[in-house]
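Chemist: Sending over a structure as structure tokens; questions will come in a sec.
Every number in this text was worked out from the coordinates using simple rules, so none of it is lab data. Nothing here was measured: the structure is a model prediction, and the numbers come from that model. Ideal geometry is used to build each Cβ from the backbone, glycine not excepted, and the neighbour counts take in all protein chains shown.
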């Protein structure tokens with residue numbers, strides 16, 4: 001008897017192969033064998049207007065609709081705020097929240113697994129089990145005894161093994177040396193839900209009041225809209241790791257102003273259209289750090305270097321710090337060192 005989602009799994013594998021995310025027969029067999037829908041229970045949250053999310057339960061959704069969703073080319077949020085799952089939502093109406101777990105887009109999962117270049121008999125340590133779909137693919141490929149997976153959620157199965165020397169893959173492909181240092185590059189323009197130990201509370205409340213006292217105001221040389229692009233956004237994150245980009249919206253969801261807040265350093269930047277030209281923007285800055293000055297300097301240096309893509313970012317991990325730089329450039333502002341805490 002044919003499994004209920006065999007056709008959908010085969011179609012997903014075909015799309016992944018056509019896109020280049022899936023290259024080897026062994027991983028294709030895993031995709032065609034592992035049912036993604038089994039790792040989406042009890043349900044998912046779908047994007048809704050005004051930054052909210054609509055809960056959708058598996059057992060209350062038509063099987064064909066659920067199968068199409070499970071094998072769609074998108075990440076599917078399964079938890080908010082470290083605890084809220086779709087079955088715990090008190091109403092079917094959209095809810096606000098910060099995603100803390102999701103089933104990652106299949107194309108990203110397979111690009112990472114292919115980048116791992118794993119061979120039969122090797123062991124893999126996966127940090128961040130999440131829904132378990134990628135874990136199941138690994139187990140199908142290598143056997144469950146060769147896969148160790150770890151997660152902070154007490155509802156997720158986990159084992160603790162010794163650290164493994166070899167290749168570690170997330171959005172990075174990193175080669176770990178015998179001396180414990182590691183070096184690598186970004187796999188592509190992708191991101192994950194923040195690890196809960198690193199997640200910051202979102203900036204909320206009266207944003208105008210938070211930005212009421214500015215020390216300077218000037219016209220920007222780089223508009224904040226550039227942060228909607230992958231590489232500039234990543235470079236800004238390297239420059240101001242704790243900063244948050246926040247869009248103020250009306251009750252109808254229309255964007256009014258844009259802010260960059262760094263709560264830890266008590267600094268902010270507020271962006272608004274220029275007084276005489278809506279195409280120009282001004283920035284007001286306050287606090288001990290000129291937040292946008294720092295970010296803008298990096299973005300200008302990046303442009304001067306020819307605006308290289310995200311795949312130009314390199315990483316070296318030592319015992320004391322994470323070191324980042326752009327391959328092929330020597331500008332001091334395009335090198336970062338984040339000390340390990």
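Chemist: Which shape class, rounded, prolate or oblate, goes with the stretch 54-103 when its Cα gyration tensor gives a ≥ b ≥ c as root eigenvalues, a/c under 1.5 marks rounded, and past that a/b bigger than b/c marks prolate?
Modeler: Note, shape of the stretch 54-103 comes out oblate.
Chemist: R0 = 22 Å: FRET efficiency of residue 65 with residue 91, Cβ-based, nearest 0.05?
Modeler: Calculated value: 0.60.
Chemist: If you take the beta carbon distance between residue 150 and residue 335 as r and set R0 to 35 Å, what does 1/(1 + (r/R0)^6) give as a FRET efficiency, to the nearest 0.05?
Modeler: Result of the calculation: an efficiency of 0.65.
Chemist: At 222 nm, what helix-only mean residue ellipticity would the chain give, in deg cm²/dmol to the nearest 500, using -39500 (n - 2.57) for each DSSP H run of four or more?
Modeler: For the chain, the value works out to -7000 deg cm²/dmol.
Chemist: Go through 55-64, 222-231, 103-112 and give me the packing order, highest mean Cβ count within 10 Å leading.
Modeler: Packing proxy ranking, top to bottom: 103-112, 222-231, 55-64.
Chemist: Helix 106-116 against the longest principal axis of the chain: what's the angle in degrees, Cα atoms only, rounded to the nearest 10?
Modeler: 80 degrees
Chemist: Using per-residue counts of other Cβ atoms within 10 Å, averaged over each peptide, order 116-124, 13-21 from highest down.
Modeler: Result, highest mean first: 13-21, 116-124.
Chemist: After finding the eigenvalues of the alpha carbon gyration tensor for the chain, what semi-axes result from the square roots of 5 times each, listed largest first in whole Å?
Modeler: 37, 27, 18
Chemist: Please find the FRET efficiency linking residue 303 to residue 10, where r is the Cβ-Cβ separation and R0 is fixed at 56 Å, and quote it to the nearest 0.05.
Modeler: The value I calculate is 0.80.
Chemist: Please arrange 186, 289 by counting, for each residue, the other beta carbons lying within 10 Å of its beta carbon, fewest first.
Modeler: Listed from fewest to most nearby Cβ atoms, that is 289, 186.
Chemist: With axes computed from alpha carbons, what is the tilt in degrees of helix 230-239 against the longest principal axis of the chain, rounded to the nearest 10 within 0 to 90?
Modeler: 70 degrees
Chemist: Let me ask something additional. Any chance you could get the radius of gyration and Dmax over the Cα atoms of the stretch 6-117, in Å?
Modeler: For the stretch 6-117, the Cα radius of gyration and maximum Cα-Cα distance read 15.0, 45 Å.
Chemist: Another question about this same structure. Given the Cα-Cα distance of residue 105 and residue 318 and 0.36 nm per residue of separation, how much length would full extension add, in nm?
Modeler: 73.6 nm
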